[in-house]
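The values are calculated or read from the model by the stated rules, or taken from the named source; none is laboratory data. Just so we're clear, the structure is a prediction, and the values are computed from it rather than from any experiment. All Cβ positions, glycine included, derive from the backbone under ideal geometry; neighbour counts span all protein chains shown.
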Amino acid sequence: MNNQQLLEKAAPTLLDPQARELIASVQWLPLDGPVADRYPVVRQGQGPLVLMLHGFDSSHLEFRRLAPLLSRDHTLLIPDLYGFGFCPRHPEASVGPNAVMEHLSHLLDQLPANEPIGVIGASMGGSVALELARRHPQRINNLLLLAPAGLDGRPMPLPPVLDQLGVWFLGRPGVRKGLCRQAFAEPDTSVGDPEVQIASLHLQVPGWAKTLAAFARSGGFAGCGEPLPPQPLHVLWGRQDRILRAPQKRAAMTLLGSRLEEVDACGHLPHLDQAELVAERWRSMEVQR
């Protein structure tokens, strides 16, 4: 069973109706790199282009609550980042930040060159968004980052054995559920079987463990905050974020200043805890531009 068949088979079994709707909009686009293949990209709506980038060890399903709010008057493109989600895994290919960026550059090549693109990046996707804006300054016009991870510090590659141990740990059902609960502001009311199911679905993709270990050995995204790109930029950071530590928050506040807005009743996932507020902020940025 290939990844497309896996996703299509799983879709009717998902407990969250918004997740089922998002999967129904997945297109498998032929892209040239890092390895030529067909890759999953959600395409929804009509209007200005908005590219939405998910976080570490996640998928496009992260945006299941935000997508319906923005697709009314935007064209949404929600790819699975290379090496993550339901992307095909290629044992012969290198995995890491450079591969993620190359994959997105090939996706941009499929879009009209004269059409501006807004970007919403969540967690690791926030660092990806900043790097994309620096690489394509003429194409990216707005940036909204949601609890961005990897703004400070430096890459810290995990050595062999530790990378395998980390992946084994992340694959344990109890750990998966615990991390899911930790990501929400109010886990007792926000996290149930639908959320845990979505957070674990992509682990069924062949090569998930090997690819994730390879990404860990690469050191991942770090130190991506500087220099800040010139495009308009706003950041939402949940006051109840229990994923990013206090030093990371202080570093982000120092770097971003008034661009950073703290949000009440919000954990590490503003696009899930406060989807309507995120949509509101995006529309405000468009008006101000």
Report yes if some residue within the range 212-230 is surrounded by 16 or more Cβ atoms within 10 Å (Cβ to Cβ), farther than 13 Å from S127 by Cβ and aromatic (F, W, Y); otherwise report no. yes
Within the set of pairs 6 or more residues apart or between chains, which connect a residue that is within 23 Å of Q288 (Cα to Cα) inside the range 109-121 to a residue that is assigned to a strand (DSSP E or B) and among the β-branched types (V, I, T) with Cβ atoms less than 6 Å apart? I117/I140; G118/V50; V119/I140
Collect the residues in the range 253-276 that are crowded, with 18+ Cβ neighbours inside 10 Å and either within 10 Å of G238 (Cβ to Cβ) or out of contact with any Asp or Glu (no Cβ under 7 Å at 6 or more places or on another chain) (or both), keeping them in residue-number order. L256, L260, V263, C266, G267, H268, L269, P270, L272, D273, Q274, A275
Scan the range 47-104 for residues that are under 21 Å from L31 (Cα atoms), polar (S, T, N, Q) and either touching an Asp or Glu at 6+ places or on another chain (Cβ under 7 Å) or at pLDDT 95 or above (or both) and report the count. 4
Conditions (1) under 16 Å from L66 (Cα atoms); (2) in contact with a helix residue (DSSP H, G or I) (Cβ under 9 Å, 6 or more places away or on another chain); (3) assigned to a helix (DSSP H, G or I) -> A214 fails only (1)
Considering every residue within the range 184-195, establish whether at least one is crowded, with 19+ Cβ neighbours inside 10 Å, charged (D, E, K, R), under 30 Å from R283 (Cβ atoms) and out of contact with any Pro (no Cβ under 8 Å at 6 or more places or on another chain). yes
Checking the condition more than 17 Å from V278 (Cβ to Cβ), charged (D, E, K, R) and surrounded by fewer than 16 Cβ atoms within 10 Å (Cβ to Cβ), which residue from D109, D73 passes? D109
One residue is enough: does the range 46-61 have a residue meeting the conditions surrounded by fewer than 19 Cβ atoms within 10 Å (Cβ to Cβ) and either of a type in the set (K, R) or more than 20 Å from L132 (Cα to Cα) (or both)? yes
The listed residue being in a helix (DSSP H, G or I) and within 21 Å of the chain's Cα centre (by Cα), out of G150, G174, G178: G178
